[in-house]
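Colleague: Structure provided below as structure tokens; questions to follow.
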Amino acid sequence: MLTQSTFAFIGGGNMATALIGGLRKRGVPASAIQAVDPFADARQRLSADFGIATADAPHAGLRAADVLVLAVKPQQFREACAALAPHLGDSLVISVAAGIRLTDLSRWLNGHSRVVRAMPNTPALAGMGMTGLAGPTGLPAADRDMASAVANAVGKSLWVADDAQIDAVTAISGSGPAYVFYFIEAMQRAATELGLSAEQGRALAVETFVGAATLAGESPEAVSTLRERVTSKGGTTYAALTAMADAGMGDAFVRAMQAAAARGREMGEEFGRQ
């Protein structure tokens, strides 16, 4: 599917770079990909790294793209749609901007109905991303398959029902890498306070996260069971988890993700009024 299609990207930042790299690794030829970015440095980097054609503004050639990915910041999204709309053909449009609702995306593209809202995360840069996808009612199965294929070029994906659930995806996995980095930083700090070097602490923390996440992904057992299996009553892990529970870390963590989801809804309302 991917190798028989053409792609255009509006925006050439990190996520666009990850997706373009993923498509190239999946066998999509450079001649089938183009990108639009107003910044010369971004265009030069994309051309040098992937051999693709670039432009500084939307143009008539975009009409030929089978898939068009909007990878611009939310605050620039409506302006980007206004510039794109006159040059949009019958492409499947995939948005990777946080907070931009499907109805507003369609409205800003003059009623274009082949739209998908995607929420990837930064591990896509390492080919290990997780992307939530949502589309309007009646989106053709072929479009769903294509959106999945694009997302899976940089990791894994799952479909959710609507914009509200994409806000939840944003809170859990879209923002999720920052939570992991936060805990790695804390573990690294603890390591230095316990007499290890910062480098040793980072290595121990990173590999522990990688290993634990891999085990959780491969095991058919509940995560709670995996946790209990390494928590002996009165042992070191028990002491650490008790200290976390006493500090209210679990509840605080849930509240943090609720705050992220609420901010996603606020962004949708804020940008949707434009």
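The values are calculated or read from the model by the stated rules, or taken from the named source; none is laboratory data. Remember, it's a predicted structure, so these values are computed and weren't measured experimentally. As a convention, Cβ positions derive from the backbone with ideal geometry for all residues, glycine included, and neighbour counts pool all protein chains shown.
Colleague: Taking the criterion of being of a type in the set (Lys, Arg) and either in a helix (DSSP H, G or I) or not assigned by TED's automatic domain parsing to the domain that holds Thr103 (or both), would at least one residue in segment 178-192 satisfy it?
Modeller: So far as segment 178-192 goes, yes, one or more of its residues are of a type in the set (Lys, Arg) and either in a helix (DSSP H, G or I) or not assigned by TED's automatic domain parsing to the domain that holds Thr103 (or both).
Colleague: Separate question: Hey, among Ala126, Ala142, which residue is closer than 24 Å to Asp37 by Cα, aliphatic (A, V, I, L, M) and without any contact (Cβ under 8 Å) to a residue 24 or more places away in the chain?
Modeller: Details: Ala142 fails: closer than 24 Å to Asp37 by Cα.
Selected residue: Ala126, the only one of Ala126, Ala142 that is closer than 24 Å to Asp37 by Cα, aliphatic (A, V, I, L, M) and without any contact (Cβ under 8 Å) to a residue 24 or more places away in the chain.
Colleague: Only one of (1) part of a strand (DSSP E or B); (2) at pLDDT below 95; (3) not aliphatic (A, V, I, L, M) fails for Lys156. Which number is that?
Modeller: Among (1) part of a strand (DSSP E or B); (2) at pLDDT below 95; (3) not aliphatic (A, V, I, L, M), Lys156 violates only (2).
Colleague: Quick check, is Met257 surrounded by 12 or more Cβ atoms within 10 Å (Cβ to Cβ) and free of Cβ contacts under 8 Å to residues at least 40 places away in the same chain? Explain how you work it out, then say what you get.
Modeller: On the way: surrounded by 12 or more Cβ atoms within 10 Å (Cβ to Cβ): yes; free of Cβ contacts under 8 Å to residues at least 40 places away in the same chain: no.
The answer is no for Met257.
Colleague: Here are Ala8, Ala60: which of them is modelled with pLDDT of 95 or more, of a type in the set (A, V, I, L, M) and surrounded by 15 or more Cβ atoms within 10 Å (Cβ to Cβ)?
Modeller: Ala8
Colleague: Mind checking whether some residue in segment 259-272 is under 30 Å from Cys81 (Cβ atoms), of a type in the set (Phe, Trp, Tyr) and part of a helix (DSSP H, G or I)? Steps first, please.
Modeller: First, the residues of segment 259-272 that are under 30 Å from Cys81 (Cβ atoms): 259-272.
Keeping just the survivors that are of a type in the set (Phe, Trp, Tyr) gives 271.
Add one more test, that the residue is part of a helix (DSSP H, G or I), and what stays is 271.
Yes, segment 259-272 has at least one match.
Colleague: Within segment 198-240, how many residues are farther than 26 Å from Pro123 by Cα and either assigned to a loop (DSSP other than H, G, I, E, B) or touching a residue at least 12 places away in the same chain (Cβ under 8 Å) (or both)?
Modeller: To start, the set of residues in segment 198-240 that are farther than 26 Å from Pro123 by Cα comprises 225, 228-240.
Right, trim to either assigned to a loop (DSSP other than H, G, I, E, B) or touching a residue at least 12 places away in the same chain (Cβ under 8 Å) (or both) and you get 230-235.
Residues in segment 198-240 being farther than 26 Å from Pro123 by Cα and either assigned to a loop (DSSP other than H, G, I, E, B) or touching a residue at least 12 places away in the same chain (Cβ under 8 Å) (or both): 6 in total.
Condition check ((1) at pLDDT below 95; (2) in contact with a Phe, Trp or Tyr (Cβ under 8 Å, 6 or more places away or on another chain); (3) in the same structural domain as Ala16 (by TED's automatic domain parsing)) across all residues:
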site: Ala85; (1), (2), (3): no, yes, yes
site: Leu92; (1), (2), (3): no, no, yes
site: Ala97; (1), (2), (3): yes, yes, yes
site: Val115; (1), (2), (3): no, no, yes
site: Pro120; (1), (2), (3): no, no, yes
site: Pro136; (1), (2), (3): no, no, yes
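Colleague: Find all pairs meeting these conditions: Cβ atoms under 6 angstrom apart; at least six residues apart or on different chains; first residue within segment 39-61 and more than 18 Å from Gly22 (Cβ to Cβ); second residue of a type in the set (Val, Ile, Thr) and not in a helix (DSSP H, G or I).
Modeller: The qualifying pairs are Arg43/Thr54; Ala55/Val36; Pro58/Val36.
Colleague: Please specify each residue of segment 82-112 satisfying the condition of being among the charged types (D, E, K, R), over 26 Å from Ser173 (Cβ atoms) and touching a residue at least 24 places away in the same chain (Cβ under 8 Å).
Modeller: Going residue by residue through segment 82-112, those that are among the charged types (D, E, K, R) are 90, 101, 104, 107.
Right, trim to over 26 Å from Ser173 (Cβ atoms) and you get 90, 107.
Within segment 82-112, just Asp90 meets the criteria.
Colleague: Inside segment 99-113, can you point out the residues that are surrounded by 21 or more Cβ atoms within 10 Å (Cβ to Cβ) and basic (Lys, Arg)?
Modeller: Correct list: Arg101 only.
Colleague: Can we say Asp162 is at pLDDT below 95 and farther than 14 Å from Gly22 by Cα?
Modeller: Yes; evaluated as a whole, the condition is true for this residue.
Colleague: Which one is surrounded by the fewest Cβ atoms within 10 Å (Cβ to Cβ), of the residues in segment 11-55 that are closer than 14 Å to Ile94 by Cβ and touching an Asp or Glu at 6+ places or on another chain (Cβ under 9 Å)?
Modeller: For segment 11-55, the residue satisfying everything is Ala16.
Colleague: Go through segment 195-241 and report how many residues are acidic (Asp, Glu) and closer than 21 Å to Ile184 by Cβ.
Modeller: 2
Colleague: So how many residues does segment 117-139 have that are touching a Lys or Arg at 6+ places or on another chain (Cβ under 8 Å) and surrounded by 21 or more Cβ atoms within 10 Å (Cβ to Cβ)?
Modeller: Total satisfying the criteria: 7.
Colleague: Quick check on segment 31-47. Is at least one of its residues under 20 Å from Arg265 (Cα atoms), touching a helix residue (DSSP H, G or I) at 6+ places or on another chain (Cβ under 6 Å) and in the same structural domain as Gly129 (by TED's automatic domain parsing)?
Modeller: No, that holds for no residue.
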